[in-house]
1. I'd like to know if the range B:91-102 contains one or more residues that are within 9 Å of another protein chain (Cβ to nearest Cβ), farther than 22 Å from B:Ala205 by Cβ and either in a loop (DSSP other than H, G, I, E, B) or in contact (Cβ under 8 Å) with a residue 12 or more places away in the chain (or both).
2. Against the condition at negative phi, hydrophobic (A, V, I, L, M, F, W, C) and crowded, with 23+ Cβ neighbours inside 10 Å, how does C:Leu211 come out, does it pass?
3. Within the range B:219-239, is even one residue in a loop (DSSP other than H, G, I, E, B), surrounded by fewer than 19 Cβ atoms within 10 Å (Cβ to Cβ) and either in contact (Cβ under 8 Å) with a residue 60 or more places away in the chain or at negative phi (or both)?
4. Restricting to the range B:130-144, and then to whatever is touching a residue at least 12 places away in the same chain (Cβ under 8 Å), more than 11 Å from chain A (Cβ to nearest Cβ) and not hydrophobic (A, V, I, L, M, F, W, C), can you tell me which residue is surrounded by the most Cβ atoms within 10 Å (Cβ to Cβ)?
5. Can you spot a residue in the range B:22-29 that is touching a Phe, Trp or Tyr at 6+ places or on another chain (Cβ under 7 Å), assigned to a strand (DSSP E or B) and surrounded by 22 or more Cβ atoms within 10 Å (Cβ to Cβ)?
6. Would you mind finding the one in C:Arg55, C:Arg66 that is under 30 Å from C:Pro234 (Cβ atoms) and charged (D, E, K, R)?
7. Based on what the data block shows, is B:Leu171 in contact with a Pro (Cβ under 9 Å, 6 or more places away or on another chain) and crowded, with 21+ Cβ neighbours inside 10 Å?
8. Checking A:Glu256 against (1) without any contact (Cβ under 8 Å) to a residue 24 or more places away in the chain; (2) not in a helix (DSSP H, G or I), which single condition isn't satisfied?
Amino acid sequence: MSGVVRAEVSRRALARARRRVAWGDALGRLRRDRLALAGLAVLVLVALMALFAPWLVDDAGLDAVDSLDNPTWARPGGDFLLGTDHLGRSVAAQFVYGARVSLFVGLAATVLTVAIGTIVGIFAGFSGRWVDATLMRLTDWFLVIPFLPLAIVLASVLGRGIWNIVFVISVTSWPATARLVRAQVLTVKERLYVDRARALGASRAHVVRRHVLPNVTPLILASATLAVPISILTETTLAFLGLGDPTQPSWGKTLEEAFQAGAIGRNAWWYYLPAGLGIVTVVLAFTVFGRALEEILDPRLRER
Amino acid sequence: MSEHDAPIVSLRDVHVRFGRGASVRAVDGVDLEVRRGEVLALVGESGCGKTTLIRSIIGLEPVASGSIEVDGHAVTRDARSLRRLRRRVQMIFQDPTGALDPRHTIHEAVAEGLRIHRVPGDEAALVADALARAGLRPPERYVRRFPHELSGGQRQRVLIAAAMALDPAVLLADEPVASLDASIRGEVLALMRSFVDDHGVSIVAVTHDLGLAWNIADRVAVMYLGRIVEVGPTEEVLAAPQHPYTRALLSVVPETRRLEQQILHGETPDPSRIPAGCRFHPRCPVVASGEAARLGIEARCRGEDPTLTERAPGHTAACHL
Amino acid sequence: MSVLELQGLSVTYRTEGGDVPAVRGVDLEIGAGDTVGLAGESGCGKSTIAAAVLRLLPTSARVEGRVLLGGEDVYAMKPGRLRAVRWTGAAIVFQGALHSLNPVHRIGAQIEEAIRVHGLGDAATARRRAADLLERVGIPASRADRYPHQLSGGQRQRVLIAIALACGPHLLIADEPTTALDVMVQAQVLDLLAELQRDEGLAMLFITHDLSVLTSACRRLAVMYAGRIVETGPAEDVVRLPSHPYTAALAGAFPTIGDPASRMRPSGLPGDPPDPAALPSGCPFHPRCNRAVEACSTTDVGLRVSAPGRAAACVHVEPA
């Protein structure tokens, strides 16, 4: 009995030690990549800003009714750090709260996209034959649906809400992930080490858990970090087209309102520039970090 | 026949087919027995079906017809019996680099089989023991490394360690030294032989290298186009080959100088179009030289599929000659 | 005059982890119509030598010593002259026949390309010559319009040989030409190479880890270990009566079938080839050598001539 317990302990200790080494290795690589570090720093800053929005700015500045006394089109400085818009609302407050929505939509849509895509991709790749054929036809079907018309239709049917935007983005972008995952599963499945595992007596579940998933995960993770900026941009697009949640400020919505209010003609750069720069910076940060992650997690890209 | 003399693996008229409409007859009627505690070398050109044959023994290729028994148990497609089978039978591969998951450490690679079969005991100790037995000493130096940090020879030893950790009765080896440097070859072969001599395991080694057979095999089986054409004790088959194909194979091995080279033309014929009559007759030097005609057997070579007949005790060949 | 002469050739790869010496002072001479085999395990520098002869090394490689091709220093050539010499002076048959052929071009076109690039005739001549070459290597000229994937491994290797012969080189360098091939096909390719060598007076440098292949295919043999030649001499003699323990181990790796001494007794070398970046002190072979004495770990002896035409780098060799 005690022997078994000791074996368990030593196995777990060994696994922990190995994991520690792997993590240390990954962190070491990340630390050497300055660009990725900068990207990560930007993301952490934006995330903190979104998280602590109520403490950073007064949400009264978001509401047109509460902002009736404020000057309109005020330039940055003075009472308003980033000035005010055409209704006298604080641009700074919109920017900070907008980060919340943009980040939330970006992350939530990505999680959903990756989840659907991974499950479909693994099933299709590992089952083969008619399951694969059926799932892939389904994927193709979703892949060819024109995105914007669908988004407009869904938004008008489901109503304009933040979850609906997440839903629209995931429904239209999972096929790409599914194809990617399936392709990777198919190559891993043909690897000799999968044959070896089968010859060792491994079940399908074991092969998926121990060989397919670990070899697909880095790809999924990397593609997820690259999917976040796409989702953020999509949210921006939808909001800019007036399909966003009317009750929540987002960077896309800010841009739309600035455009509608004629901020460009009035040369009110403080109105649209923060949101625009915010989108570009976050998208860039995610992309840079995602690329670095891809390199760290994929041993084939990591030439020694 | 006592329990102990019964063959550990026996194949009866085994057929394995591939492709649309099962048109490719990769293994086309093989009868073969593997004895306990012997090394059997399965020799032939690529595409002759030798790798497919051993993969069918461990249930990696479904058998179209015929039967395979390992230690008295029939090999079936049933998941539970396959799992049991894959503890008694283990396999090592030609390409040790591809057979190791690049993301798994050496410890994980060796421990995988132990975990699958829930082998009781201290996993770390079992792994260390298996590595040491495969000549990777001290084992602590290897357990935390990844496959790409080892040499080709070391990787093959890891695979051997992982296979032998389960204490199998049969080890199937697919070209175990073909991808290794000449200098490493002998060490790996000696290791394989030691498992037979010290632990009584039986080995089926698939190879195109007759030198390997001479080095470690008790018996040699020669395979051509999905069929065994000659089987017998190594000394006999290599010193007094009965089948013209075996003779041709032997004559092109650079290490044998006694025979006049008989280079067969063309590659191995296509297993989706197996010739009628003796499957070797289109390339057979005996037919081509007219000797078969002189002996009056040419019509049979072209029209009649020869079966294995005994030429000496325990030595059979499938030839009309 | 010799077709190829290496004088003190050294090749060092510069890597992030420091300099890695791949070839360390190799002298080698190949006369017209001569066949020389270069043997050794992976990482010993034999393929680097093949690439060094035609200046095909990556830019990270530093080359010292001289490579004389037909008496002309390859590393002093102007780019134009170098291009002309590649393929007309010396041609290489690489290992891995599948990857050396372009999958999207017909094999005939790939042979013609080699001819046209060197301005050795117009389109019609090139096509005629390509057809001749295919027949020469044993492939019917009618197959010139096939793609590489439609050919078998042995046939692809033959096409590579035809491409190598396209410009009538004086020297053919064959880098593991038969390694991936089956025994029977290997015998066919070796037979073809021997025939070409005999009929066209081609000089050949034959590189492989399989000593048994070299014995039948080469007149002379050079065995490399850790970037250096450790034994050289007539092929038969070197394999039959090796002077260097490393050669002995290589020769013993492939048994003579029928020889009772090797029956059930596979022989090999313990340990792994040395890491070129961290060579052992003294004789680099001493950690794996079964005849090593104390001096071996401190002193590295050069090639010692033991008999006319034979030399080995080992303390046990008595200089003649």
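Please treat every number below as a calculation from the coordinates, not as lab data. This structure is a prediction, so every number in the text was calculated from the model and none was measured. Cβ placement follows ideal geometry from the backbone for every residue including glycine, while neighbour counts extend to all protein chains displayed.
1. Looking through the range B:91-102, at least one residue is within 9 Å of another protein chain (Cβ to nearest Cβ), farther than 22 Å from B:Ala205 by Cβ and either in a loop (DSSP other than H, G, I, E, B) or in contact (Cβ under 8 Å) with a residue 12 or more places away in the chain (or both).
2. Criteria met by C:Leu211.
3. no
4. My answer is B:Tyr142.
5. There is at least one residue in the range B:22-29 that is touching a Phe, Trp or Tyr at 6+ places or on another chain (Cβ under 7 Å), assigned to a strand (DSSP E or B) and surrounded by 22 or more Cβ atoms within 10 Å (Cβ to Cβ).
6. Being under 30 Å from C:Pro234 (Cβ atoms) and charged (D, E, K, R) holds for just one of C:Arg55, C:Arg66, which is C:Arg66.
7. Here the answer is no, as B:Leu171 does not meet what is asked.
8. Only one criterion in (1) without any contact (Cβ under 8 Å) to a residue 24 or more places away in the chain; (2) not in a helix (DSSP H, G or I) is unmet by A:Glu256, namely (2).
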